[in-house]
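First comes the structure, then the notes that go with it.
The values are calculated or read from the model by the stated rules, or taken from the named source; none is laboratory data. Everything numeric here is computed off the predicted structure, so don't read it as measured data. Glycine gets a Cβ as well: all are built from the backbone with ideal geometry, and neighbour counts include every protein chain shown. When the accessible area is computed, the model is the full protein with side chains, heavy atoms only, and any ligands, DNA or RNA have been set aside. Shrake-Rupley method; radii C 1.70, N 1.55, O 1.52, S 1.80 Å.
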Amino acid sequence: MNNKAEHKSLSEDRHLFKRISQNEYKALDLLFNKYYDPLCGFGNLFEKDQMIIEEQVSDVFMLLWNKREALTEIENPKSYIYVIAKNLLIKKNKYVKNKHYLDDKKENQLVLKAHPSFEEEVIDQEHQLAYQKAIAQILKEIPKKSREIFEMSRVEGLKYKEISEIMGISPRTVENHIATALRLISKKVATISF
């Protein structure tokens, strides 16, 4: 693809991301039609099972829709989509390998586990829910760009270089945003009591 065609495709993708961020499902459908087959081909680099590839590639578009408000910040939509696909496939691959290992381990040994009381389980669930709400509130207080970059790194598992390419900023700037988010989170978490 020559420079002119690349620029046109980048411009189209940014426009589709903008439309998706405005709740336009048709734009997601257009993006899906443009990238589904190429992403499935790309998925063969990380996974051999075609059904798993297709499932994870479909999840890419579901994730885009769920995070649509943040899409206007993405400088390079194509890179973003490919990185998400790669990470989903790698994560799935690790999960499947780990599950097989754990299944084999369970077959080879009997694990005896004390069951917590119903009250202990309820208290534990309440603590977890309160903690999740507190973290969600803390994340809302972090500046928008730092929060988005932090979530790309810690939630989506993207590397600093990948985030820098997607956001059109330097890896050092990515590092600074994450440091800012971590500083604010640790300060706020220290004040939470359960």
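Calculate, in nm to one decimal, what T72 and K159 gain on full extension: separation in residues at 0.36 nm each, minus their alpha carbon distance. Provide the component values of the computation, followed by the final result.
Values: separation 87, 0.36 × 87 = 31.32 nm, distance 1.99 nm.
Here the segment from T72 to K159 would lengthen by 29.3 nm.
Tell me the accessible surface of R14 in square angstrom (1.4 angstrom probe, heavy atoms of protein chains only), to the nearest ten.
In the full protein context, R14 sits at about 100 Å².
So, counting K/R as plus one and D/E as minus one, what does the shell of residues with Cβ under 11 Å around N23 add up to? Could you put the intermediate results ahead of the total?
Details: positive: R19, K26, R68; negative: E24, E69.
Every neighbour counted, the sum reads +1.
Largest first, how would Y80, Y25 line up by accessible area (1.4 Å probe)?
Y25, Y80
If you add up the charges near I138, with Lys and Arg at +1 and Asp and Glu at -1, over every other residue whose beta carbon is less than 11 angstrom from its beta carbon, what do you get?
Numbers: positive: K133, K140, R147, K187, K188; negative: E141.
Local net charge: +4.
Report the FRET efficiency, 1/(1 + (r/R0)^6), for Q132 and K48, where r is their Cβ-Cβ distance and R0 is 35 Å, rounded to 0.05. Write down the numbers at each step before the final one.
On the way: r = 36 Å, r/R0 = 1.03.
According to the calculation, E is roughly 0.45.
Find out how many positive minus negative residues lie around S11, taking Lys and Arg as positive, Asp and Glu as negative, among other residues whose Cβ is under 14 Å from that of S11.
On the way: positive: K4, K8, R14, K18, R19, K34, K78; negative: E6, E12, D13, E75.
My count for the surroundings of S11 gives +3.
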